[in-house]
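*Asks:* Take a look at this one; I'll ask things after.
Derivation of every value follows stated rules applied to the coordinates shown; laboratory data play no part. No experiment lies behind these values; they were computed from the predicted model shown. Virtual Cβ from ideal backbone geometry, glycine too; neighbours counted across all protein chains shown.
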Amino acid sequence: MKNRLEEIRKKHGIKQEELANALEVTRQTIGSLENGRYNPSIILAFKIARYFDMNIEDIFIYEEENNEREN
């Protein structure tokens with residue numbers, strides 16, 4: 001899953017540490033999300049979307065793999 005978290009965070013002038021504190025996660029979690037090494041739980045995805053007053057789909061982009069569509 002791709003995401004626009006880093007782009008959105010920077011657009012709002014928020015540091016990783018600030019966002020992490022607001023969401024009650026570590027700065028490392030925010031970094032891992034932004035680098036695509038970690039997909040958020042649905043609860044964390046909702047918290048992030050609510051924090052930025054956006055829809056989850058505007059932040060996180062789910063791309064199905066080709067073989068999933070064929071089954």
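*Asks:* Kindly rank 17-26, 35-44 from highest to lowest mean number of other beta carbons found within 10 Å of each residue.
*Replies:* On the way: 17-26: 14.6, 35-44: 12.5.
Top of the packing list down: 17-26, 35-44.
*Asks:* So, one more: Find the percent of Cα-Cα distances in the chain that exceed 21 Å, and round it to a whole number. Working shown, then result.
*Replies:* On the way: 539 of 2485 pairs.
In whole percent, the share of Cα-Cα pairs in the chain beyond 21 Å is 22.
*Asks:* Among SER41, ILE30, HIS12, whose Cα sits farthest toward the positive end of the charge dipole of segment 2-58 (+1 at Cβ of Lys/Arg, -1 at Cβ of Asp/Glu, about the Cα centre)?
*Replies:* Checked the options; the winner is ILE30.
*Asks:* Using only helices, what value at 222 nm comes out for the chain when you add -39,500 (n - 2.57) per DSSP H run of length 4 or more and divide by the total residues, to the nearest 500 deg cm²/dmol?
*Replies:* Here the helix-only value at 222 nm equals -15000 deg cm²/dmol.
*Asks:* Straight-line reach from LYS47: which aspartates and glutamates have Cα under 19 Å away, leaving out those fewer than 8 places along the same chain?
*Replies:* Within the straight-line cut-off, LYS47 pairs with GLU6, GLU7, GLU17, GLU18, GLU24, GLU34, GLU57, ASP58.
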